[in-house]
Amino acid sequence: MKTYTADRPYSRLLYTSVLNPGQSAEAPEQIARNIAVNSAELNRLADLTGSLVFVDGTFIQILEGPLAEVEKTFERICCDFRHVDVRLIDVVNVSDRLFADWDMACLCEDADTSVPLREGLQEIRFLVGINASQAALQMRGLLDNRSAAGKT
């Protein structure tokens, strides 16, 4: 995993989408984890970082990096048949990356999700609709808590 520095301005994009259930026989949370793993590899090459949340069949994703790469990646996501009802929530210029330690972190709700994590994921899902920057901070907080617990 690369460590990124803020030697130039970056963009942070937040979007939501719904998993298209007809695209795979895999469990929904496994599809989300596979997307995160594949995204991490592509993001490393494109100088992108971010986080993917999967809760109640909904993807909530943040991409951050050079604007051209963020836009190119978002366009690819919009064309990915695993995603339906893609909604761009927020795009902002930032001087620092919020997810610099993660090429693509992943927080997925599944049958084994702890109650505190489940509540945190639900809070993110709620916040996305009313305060994108707070939702991003909540995502970062959950990742920090997982790192502190040794679960990254």
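Bear in mind that the values in this text are calculations on the coordinates, not laboratory data. Only a predicted model underlies this, so the values are computations on that prediction, with no experimental measurement involved. Please note: Cβ atoms are built from the backbone with ideal geometry, for glycine as well, and neighbour counts cover all protein chains shown.
When 133, 114 are screened for being surrounded by fewer than 20 Cβ atoms within 10 Å (Cβ to Cβ) and either within 22 Å of residue 70 (Cα to Cα) or in contact (Cβ under 8 Å) with a residue 40 or more places away in the chain (or both), only 133 passes.
Scanning the stretch 47-80 for residues that are surrounded by 17 or more Cβ atoms within 10 Å (Cβ to Cβ), aliphatic (A, V, I, L, M) and in a helix (DSSP H, G or I) returns 70, 77. Every test in (1) over 16 Å from residue 15 (Cα atoms); (2) not in a helix (DSSP H, G or I) is passed by residue 142 save one, and that test is (2).
Of all residues in the stretch 81-93, those satisfying the criterion of being loosely packed, with under 15 Cβ neighbours inside 10 Å and in a strand (DSSP E or B) are 84, 85, 87, 88, 92, 93.
One residue alone among 135, 100 is part of a helix (DSSP H, G or I), out of contact with any Pro (no Cβ under 6 Å at 6 or more places or on another chain) and closer than 24 Å to residue 47 by Cβ, and that residue is 135.
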